[in-house]
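Have a look at the structure below, then the notes.
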Amino acid sequence: MLDEDDSFFYEHDTYLKKNSTFDFKHMDSMALTVYYKGNIMTDCEVVNSFDEINLNEIISSNLSKMSFSQMTPIQKYSISHIINGKDVIGCAETGTGKTVAFLLPIINQMIHDGPPKGSSNFYF
């Protein structure tokens, strides 16, 4: 359940190509609205690149191999909050990087923390 102090909502309009995929060329000019506790936020913490996050070497290497060089708006505005343990609700078009925004900080923290105590089948 979302705690009122931790709930964020992100929504933005996207520019779509003819085949309805996300057009990364226009993502910096998208309209983006960030809500916190029902109020529009005008001053939010933003992460502008994957290099700004203290990522594990394995993750950084795999991002490079997948040519993830530029963050999408949902990633820029949500990753820092997820890293800081906040709950995030993100609304964005398919293909805009919501799954990466959500899982990247979680997987990074799991690698950093190592296996849970008493776990015997945990490999990296």
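Observations on the model:
- Violating pairs (Cα-Cα greater than 26 angstrom) within the set 37/117; 76/117; 65/86; 37/76: 37/117; 76/117; 65/86
- Relative exposure of 65, 76, 86, judged by other C-beta atoms within 10 Å (fewest first): 65, 86, 76
- Net length available on complete extension from residue 33 to residue 112 is 25.2 nm, with 0.36 nm assigned per residue and the Cα-Cα distance removed.
- A simple packing score, the average count of other Cβ atoms within 10 Å per residue, orders the peptides 98-104, 109-115 as 98-104, 109-115, with the highest score first.
Where a number appears in this text, it was derived from the coordinates with a stated rule and is not lab data. This one's a predicted model, so the numbers in the text were calculated from it and none came from an experiment. Cβ: placed from backbone, ideal geometry, glycine included. Neighbour counts: every protein chain shown.
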